[in-house]
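Peer 1: Quick one: structure below, then a few questions.
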Amino acid sequence: MEKGRLEREMQVSHEVQASLLPHQTPEIDGWEFAARWRPALEVAGDYYDFFLCPNGRQGLVMADVSGKGMPAALFMALTRSTVRASLGQAPMPEDGVKHANRVLSEDSTDAMFVTLFYGRLDPETGEMVYVNAGHNPPLVCRSGESGPPERLNPTGMALGILPDAPLEQRSVHLQPGDFVVLYTDGVTEAIDTQRQQFGMERLARVLVGQAGRTATEVLAAIEDALDAFTGTAPQSDDIAILIARRLG
């Protein structure tokens with residue numbers, strides 16, 4: 001009976017956490033989006049988010065809380081609410097992320113922290129102003145180019161560690177046909193039955209062949225490659241993926 005009660009509580013926790021994620025992707029002329037959330041356990045520390053910003057900009061978030069299970073899930077919920085409150089009306093992404101970091105640093109316990117990528121996309125021009133707080137570098141794939149994807153490397157450290165940690169913003173332009181892939185380390189650190197990691201280079205090779213594909217097709221290609229690589233090995237970490245593609 002106790003085991004059954006705990007299982008029901010975990011299932012309810014899963015449903016509550018899943019309800020915090022966006023119920024649908026944005027519908028913006030000239031753009032398409034796709035996203036997936038795959039927790040390793042019933043609840044997760046990874047999450048993605050979409051929200052509207054001033055002047056018609058679209059906010060994109062990908063975050064990964066340290067650890068797994070219920071502690072990470074609780075800190076994830078705190079992070080999501082803090083990030084939304086801090087970034088939605090911030091004059092610039094840098095300002096909002098710095099404010100979120102100060103709040104999370106005050107509330108963090110047991111040395112918990114979160115890596116986070118935040119991009120503020122201008123649908124009209126294709127410019128995305130972003131801050132990468134210690135997160136895995138998103139990959140930008142250019143239409144008609146066969147070279148490796150461009151990496152949006154960290155521009156500061158993870159949130160929740162130092163309240164005044166330096167963070168800076170940068171920008172990238174997405175031209176028609178380009179797409180950007182945001183993900184958590186559950187993708188690159190996925191392991192197969194021989195304990196080998198999927199890795200960044202394998203992910204990049206999957207993306208090189210996706211020019212002209214829809215955001216949903218790119219997402220499916222990543223998931224298919226992950227599943228083929230891991231085989232029967234259990235999922236070792238939470239996975240979240242978000243793709244934004246400018247239509248050609």
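The values are calculated or read from the model by the stated rules, or taken from the named source; none is laboratory data. Bear in mind the structure is a predicted one, so any value in this text is a computation, not a measurement. Virtual Cβ from ideal backbone geometry, glycine too; neighbours counted across all protein chains shown. Protein only, heavy atoms only, side chains kept; ligands, DNA and RNA dropped before computing areas. Shrake-Rupley method; radii C 1.70, N 1.55, O 1.52, S 1.80 Å.
Peer 1: Considering T115, T155, T125, which residue is open to solvent by 10 Å² or more (accessible area, probe 1.4 Å) and touching a His at 6+ places or on another chain (Cβ under 7 Å)?
Peer 2: T115
Peer 1: Let me ask something else. Of all residues in the range 173-187, count the ones that are of a type outside the set (D, E) and surrounded by fewer than 20 Cβ atoms within 10 Å (Cβ to Cβ).
Peer 2: Of the residues in the range 173-187, 4 are of a type outside the set (D, E) and surrounded by fewer than 20 Cβ atoms within 10 Å (Cβ to Cβ).
Peer 1: Would you check which residues across the range 22-54 are over 12 Å from A240 (Cβ atoms), at pLDDT below 85 and open to solvent by 20 Å² or more (accessible area, probe 1.4 Å) and list them?
Peer 2: Hits for the range 22-54 are L41, E42, P54.
Peer 1: For residues in the range 172-208 being acidic (D, E) and assigned to a helix (DSSP H, G or I), which is farthest from the chain's Cα centre (by Cα)? Even if it seems obvious, please write down each step before you answer.
Peer 2: Our first condition is that a residue be acidic (D, E); within the range 172-208, this holds for 178, 185, 189, 192, 201.
Now drop any that are not assigned to a helix (DSSP H, G or I), which leaves 185, 201.
Working: D185: 9, E201: 18 Å.
Residue satisfying both the conditions and the ranking: E201.
Peer 1: Let me ask you something else. If the requirement is being in contact with a Phe, Trp or Tyr (Cβ under 9 Å, 6 or more places away or on another chain), polar (S, T, N, Q) and surrounded by fewer than 17 Cβ atoms within 10 Å (Cβ to Cβ), which of these qualifies: Q196, Q210?
Peer 2: Just one listed residue meets the conditions, Q196.
Peer 1: If Y118 satisfies all but one of (1) within 21 Å of L219 (Cβ to Cβ); (2) assigned to a loop (DSSP other than H, G, I, E, B); (3) in contact with a Pro (Cβ under 6 Å, 6 or more places away or on another chain), what's the number of the condition it fails?
Peer 2: (2)
Peer 1: Just the residues that are assigned to a loop (DSSP other than H, G, I, E, B) and surrounded by fewer than 16 Cβ atoms within 10 Å (Cβ to Cβ), please, taken from the range 158-171.
Peer 2: L162, P163, D164, P166, E168
Peer 1: Restricting to the range 119-163, give me the number of residues that are out of contact with any strand residue (DSSP E or B) (no Cβ under 8 Å at 6 or more places or on another chain) and either of a type in the set (S, T, N, Q) or more than 20 Å from S66 (Cβ to Cβ) (or both).
Peer 2: 7
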